[in-house]
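*Asks:* Before anything else, here's the structure in question.
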Amino acid sequence: MTYDSDNIFARILRGEIACEKISEDEYYLAFHDRYPKAPVHVLIIPKGPYLDAFDFHHRASSLEIVGFYKGLNAVIEKLQISEGYRLIANSGHHGGQEVPHYHVHLLAGRKLEKSIV
Ligand code: AMP
């Protein structure tokens, strides 16, 4: 599968669609999920055109990868979710990914039900 530059997160990155931004830098953008599944439901996405977790870790530069995960940490710190949180990166069809631009869900704000693992 090749990267579709018309996916909704690519359009958010280009400013064509609005988002409820939390923070960003040159490597990442963090914004509230439009259909939150928990009191805190944030999406963190890399700025570059990567399909999923494998594609990002395979093709992105070390600088981009470190920048992205440092950004994710900055979001965790900013949201003050010291009671805990869950990170999810759905990838591909079996992983239940709907938007084909790599993203990490950050869920928090209540005791989350036990997932499959
Ligand atoms: P996934 O199923 O892992 O691909 O997750 C995609 C997520 O994007 C879902 O949780 C959606 O609620 C969320 N989403 C879809 N469109 C938007 C949008 N325009 N702004 C914010 N979140 C969105």
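*Asks:* Condition test on ILE45, is it surrounded by fewer than 17 Cβ atoms within 10 Å (Cβ to Cβ) and under 11 Å from the mean Cα position of the chain (by Cα)? Please lay out each step first, then the result.
*Replies:* On the way: surrounded by fewer than 17 Cβ atoms within 10 Å (Cβ to Cβ): no; under 11 Å from the mean Cα position of the chain (by Cα): yes.
Here the answer is no, as ILE45 does not meet what is asked.
*Asks:* Quick one: would you say LEU107 is touching a residue at least 12 places away in the same chain (Cβ under 8 Å), within 16 Å of the ligand (Cβ to nearest atom) and either surrounded by 13 or more Cβ atoms within 10 Å (Cβ to Cβ) or among the basic types (Lys, Arg) (or both)?
*Replies:* Details: touching a residue at least 12 places away in the same chain (Cβ under 8 Å): yes; within 16 Å of the ligand (Cβ to nearest atom): yes; either surrounded by 13 or more Cβ atoms within 10 Å (Cβ to Cβ) or among the basic types (Lys, Arg) (or both): yes.
Against the criterion (touching a residue at least 12 places away in the same chain (Cβ under 8 Å), within 16 Å of the ligand (Cβ to nearest atom) and either surrounded by 13 or more Cβ atoms within 10 Å (Cβ to Cβ) or among the basic types (Lys, Arg) (or both)), LEU107 qualifies.
*Asks:* Under 8 Å by Cβ, and 6 or more places apart or on different chains, what pairs join a residue from the range 22-41 that is touching a residue at least 40 places away in the same chain (Cβ under 8 Å) and surrounded by 16 or more Cβ atoms within 10 Å (Cβ to Cβ) with one that is part of a loop (DSSP other than H, G, I, E, B) and small (Gly, Ala, Ser)?
*Replies:* If the second residue must be part of a loop (DSSP other than H, G, I, E, B) and small (Gly, Ala, Ser), the pairs left are ALA38/GLY109; VAL40/GLY109.
*Asks:* Out of GLY92, GLY71, which single residue is within 12 Å of the ligand (Cβ to nearest atom) and either touching a residue at least 12 places away in the same chain (Cβ under 8 Å) or surrounded by 11 or more Cβ atoms within 10 Å (Cβ to Cβ) (or both)? First the steps, then the outcome.
*Replies:* Details: GLY71 fails: within 12 Å of the ligand (Cβ to nearest atom).
Result: GLY92 is the single residue among GLY92, GLY71 that is within 12 Å of the ligand (Cβ to nearest atom) and either touching a residue at least 12 places away in the same chain (Cβ under 8 Å) or surrounded by 11 or more Cβ atoms within 10 Å (Cβ to Cβ) (or both).
*Asks:* What strands (runs of 3 or more DSSP E) completely inside the range 16-97 contain at least 1 residues that are within 22 Å of ILE116 (Cα to Cα)? Before you say what the answer is, go through the steps one by one.
*Replies:* Details: elements: 21-24, 28-32, 40-46, 85-88.
Those strands (runs of 3 or more DSSP E) span 40-46, 85-88.
Read-outs throughout are calculated quantities, based only on the coordinates presented, and are distinct from any laboratory measurement. Please read all numbers here as calculations on a predicted model, not as lab measurements. Reconstructed Cβ throughout: ideal geometry from the backbone, glycine too, with neighbour counts over all protein chains shown.
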